[in-house]
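All remarks here apply to the structure that follows.
Every read-out reported here was derived from the displayed coordinates using simple, explicitly stated rules and does not represent laboratory data. A quick note: this is a predicted structure, and the numbers were derived from the prediction, not measured. Quick reminder, even Gly has a Cβ in these numbers, built from the backbone with ideal geometry, and neighbours come from all protein chains shown.
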Amino acid sequence: MTIEELVRRGFLASLTSTFTETQMNVEGIKKVQGDFEKQELESRVNSSEVNAKVVAETILRAEDRTAWLIFCVSVSHAEAMREEFREQGVVAEAITSRTSSSERERIFNDFKAGKIRALTNVGVATTGFDYPDIDVIVMARPTLSPGLYVQMSGRGMWVKSPGHHKDCLVLDFAGNIARHGAVTKIIPPRRTVKASRRTQELSEMFKLCPKCHGTVMKRSRECVHCGHIFTELSELSTSADIMGIESSGTVGTGFQRMKVASWYWKVAFRKKDNMPIVRADFYGEDKLQGPKQLFLYIMQEDSARERAYRQIKRLLQGTFLPELEKMLDIKILQDLCRAARENYAPPSWIEYKEEIRDGGRIYFTISKWGFE
């Protein structure tokens, strides 16, 4: 049974990833035994400036969540991150190889009891530590190891207790999601293939960023080096992120491509209940044809809300947005639409399908878009 199926059946909790403004720079760090060289990685990652930014953004994005597990690159990094959390007003502890058994037990118990909000660690909580109600995973540890990436992510996939968040938020400051792709799609390297074949397989797994010429995984939506958004993977129809689980919408049958000349964002209101909706209208070169409309149900109390939030972020190319809960305010939505109209360029093209429903009214399903 696949991870996707276990999540859909409720045996595992879903992970939700979100764009982070702070990204650790690992370019040029040498590789040893399939991962970044530890000392060089620590010297690059463990700086007071980077730590302060990671902690500040974690506090901003995880403010309504209670159990944060932070993965670090070394003992000194875990301890430095713990101190930075404390400096910024968060109750935090660190678990490392230096932590005694009795102290480790006390810290774990306090973390589970809610007395500790942020728990930093290195090489301790990747396996053998199971607390279902972890609702934030902070990846402050860049890794080339698919296994380690899955282990870190897996700490947040236990089914949550009643009254807690149903999902776990993954804040990836290390570029691991872009580097490895969705957790559900990870394929560990096969060690039995011949060197020449392995080289060919690896070459098929990577692509070059057209902006900075850095190497990234082919399935990456965003360049880990410069932030470039790849056109071919900018899909509106799915809610795929770190889980790689898509919605049930159909894509690819009867769709047309349209070059976008302009767009217009506004807050509309659904007729049946007057619920505010964010509406993005895409205009082609022939404006007499009318706009192709995308309705974003940011106020709806189900999965459509989170899907709309992710779609807005992707449409605006990863821009920083208020937390989802703060966007349930019509004034904030109006300000967002104004900013989108005035400060952001539309995609170069969209793919859409026309559907006639409700007595002949035409609706549009927009499946993909891209920037050129």
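The table below gives the values:
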item	result
3J(HN,Hα) from dihedral phi, the range 58-64, Karplus parametrisation 6.51/-1.76/1.60, rounded to Hz, x for glycine, proline	4, 4, 5, 8, 10, 4, 9
Between the range 74-147 and the range 302-319, the alpha-carbon center distance in angstrom	30
For the range 163-177, Karplus couplings with θ = phi - 60° (6.51, -1.76, 1.60), whole Hz, Gly/Pro x	x, 9, 4, 7, 10, 10, 7, 9, 9, 9, 7, 9, x, 6, 5
Phi to ³J(HN,Hα) by Karplus 6.51 cos²θ - 1.76 cosθ + 1.60 over the range 263-269, Hz, x for Gly, Pro	9, 9, 9, 7, 9, 10, 9
Amide hydrogen neighbours beyond the local backbone of W349, cut-off 5 Å, H modeled	V260, G370
Assigned charges on the beta-carbon of Lys, Arg, Asp, Glu; the range 256-370 dipole about Cα centre (debye)	180
Farthest positive-ward along the range 256-370 dipole, Cα basis, beta-carbon charges - from M327, V260, W369	V260
Net charge, F11 excluded, C-beta distance under 12 Å - Lys, Arg +1, Asp, Glu -1	0
At most 10 other Cβ within 10 Å, DSSP loop - GluC sites (Glu not before Pro), the range 252-354	E285, E301
Under-5 Å amide H pairs with I277, H placed in peptide plane, nonlocal only	A268, F269, R270
